[in-house]
1. Which one of these is small (G, A, S), more than 30 Å from A72 (Cβ to Cβ), modelled with pLDDT of 95 or more and in contact with a strand residue (DSSP E or B) (Cβ under 6 Å, 6 or more places away or on another chain): A204, A197, A284?
2. Among the residues of the range 72-89, is there at least one that is free of Cβ contacts under 8 Å to residues at least 24 places away in the same chain, under 16 Å from M234 (Cβ atoms) and part of a helix (DSSP H, G or I)?
3. Condition check: surrounded by fewer than 15 Cβ atoms within 10 Å (Cβ to Cβ) and out of contact with any Leu (no Cβ under 8 Å at 6 or more places or on another chain). Does G291 satisfy that?
4. Please verify whether G82 is surrounded by fewer than 21 Cβ atoms within 10 Å (Cβ to Cβ), touching an Asp or Glu at 6+ places or on another chain (Cβ under 8 Å) and in the same structural domain as V24 (by TED's automatic domain parsing), treating the condition exactly as stated.
5. For the range 224-327, which fully contained strands (runs of 3 or more DSSP E) count at least 2 residues that are within 24 Å of L187 (Cβ to Cβ) and in contact with a Phe, Trp or Tyr (Cβ under 9 Å, 6 or more places away or on another chain)?
6. Could you check how many residues of the range 154-175 are more than 13 Å from the chain's Cα centre (by Cα) and either crowded, with 23+ Cβ neighbours inside 10 Å or not assigned by TED's automatic domain parsing to the domain that holds V39 (or both)?
7. For residues in the range 40-71 being touching a helix residue (DSSP H, G or I) at 6+ places or on another chain (Cβ under 7 Å) and part of a strand (DSSP E or B), which is surrounded by the most Cβ atoms within 10 Å (Cβ to Cβ)?
8. Among residues belonging to the range 179-194 that are among the polar types (S, T, N, Q) and more than 19 Å from H58 (Cβ to Cβ), point out the one that is modelled with the highest pLDDT.
Amino acid sequence: MSIEHDLNLEEALKTKGVKTQGFVNIAIKADRTHVRIPVFVITGEEEGPTILVDACTHGDEYEGAEAIINVASNLKPSDIKGTFIGIPALNFDAFNAVSRISPIDFTNLNRIFPGNPNSFITQRVADTYIQSFVKNADFIISFHGGGDVLYLESLVGYQPPTDDLGKKTYEMAKAFGTEVIWRMQNLPFNGVSVIEARKLGIPAILPEIGSHCTRQYDRQKNIEVCANGILNVMSHLGITREQHKTQVTSHIDTELHYVHSDFGGIHTPLKKSMGMVEEGEVLANITDVFGEELGKVYAPFDGIVLGYWSIPIIQPGDWSYLFAKLL
């Protein structure tokens, strides 16, 4: 299939029964290449919901990207009822640089949604994503992961099920197929894409799958979790006609908290993933360059470990542990 280097998204969405792939261009750089977003558009012959699946809002979180490529490469228009939009690398310059943030303006894309079309380039990427993609979607899966610094248990974030929109995300999260799901009700930062989607009335879930930095990492397994999750949610929504993989029958429902380190130094995690920990237990030790203890990181309540900082050096204020209450 040919690649459209200046894809007209609106036209691609209007044409039924076709598969299109190409780039939505945002701005021209000095070498005359574009800041751009790669996208697959697959439209079924029958009417149905539009699902948007994206990855690499943070450029070092690749598992979802490869899953989107795999799913889009194998899906045919005759397989679906509705429309599949796949963005394997939303933050494309960060993706190419193997970087969490853009190497152009060093901005964290998932802290600035809905963006600004008249500001710095990452703000413009965020605005294009909301205006051109989110507003054309009925449902969203936005992939994240541990990237280069965090070990994470596979989990899926959903909105609190206090209204119809939240209940839809809860059902999507359960359908995805991970054992752990995460109620996103206490995020310590703003500008997150799935929260902005909620403001627009669009159900969106946030899978956190995989990380590259520990011996526990299994790239292919995590890609398969992501790909199967996409197909499970599409089946749940009636976009595909059949169930693709056996779903998890029970879930560990959690409320995730980010536990920050007060110190920078050599970080030694003591509690491993999925371990139950009592309030006040030591999660990690922090030592200086001479081996002297600077401090400890403590469990803020009784809970379960879902992730931790897994490279040796941590900076003051970085996340030491992703720690959760059981709901």
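The values are calculated or read from the model by the stated rules, or taken from the named source; none is laboratory data. Computed from a predicted model, the values in this text were never measured in an experiment. All Cβ positions, glycine included, derive from the backbone under ideal geometry; neighbour counts span all protein chains shown.
1. Working: A204 fails: more than 30 Å from A72 (Cβ to Cβ); A197 fails: more than 30 Å from A72 (Cβ to Cβ).
So the residue among A204, A197, A284 that is small (G, A, S), more than 30 Å from A72 (Cβ to Cβ), modelled with pLDDT of 95 or more and in contact with a strand residue (DSSP E or B) (Cβ under 6 Å, 6 or more places away or on another chain) is A284.
2. The initial filter retains those residues of the range 72-89 that are free of Cβ contacts under 8 Å to residues at least 24 places away in the same chain, namely 73-74.
Those left that are additionally under 16 Å from M234 (Cβ atoms): 73-74.
Within this subset, residues satisfying the condition of being part of a helix (DSSP H, G or I) are 73-74.
Checking the range 72-89: at least one residue is free of Cβ contacts under 8 Å to residues at least 24 places away in the same chain, under 16 Å from M234 (Cβ atoms) and part of a helix (DSSP H, G or I).
3. Working: surrounded by fewer than 15 Cβ atoms within 10 Å (Cβ to Cβ): yes; out of contact with any Leu (no Cβ under 8 Å at 6 or more places or on another chain): yes.
Yes: the conditions hold for G291.
4. Working: surrounded by fewer than 21 Cβ atoms within 10 Å (Cβ to Cβ): yes; touching an Asp or Glu at 6+ places or on another chain (Cβ under 8 Å): yes; in the same structural domain as V24 (by TED's automatic domain parsing): yes.
Yes: the conditions hold for G82.
5. Details: elements: 252-260, 265-269, 282-287, 293-298, 303-309, 319-326.
Counting at least 2 such residues, we get 252-260, 265-269, 282-287, 303-309, 319-326.
6. Taking the range 154-175 as the starting set, the residues that turn out to be more than 13 Å from the chain's Cα centre (by Cα) are 159-172, 174-175.
Of the ones still in play, those that are also either crowded, with 23+ Cβ neighbours inside 10 Å or not assigned by TED's automatic domain parsing to the domain that holds V39 (or both) are 159, 169, 172.
Count: 3.
7. Checked the range 40-71; the qualifying residue surrounded by the most Cβ atoms within 10 Å (Cβ to Cβ) is V53.
8. Filtering the range 179-194 for residues among the polar types (S, T, N, Q) gives 185-186, 190, 193.
Going one step further and asking which of them are more than 19 Å from H58 (Cβ to Cβ), we end up with 185-186.
On the way: Q185: 86, N186: 79.
This residue is Q185.
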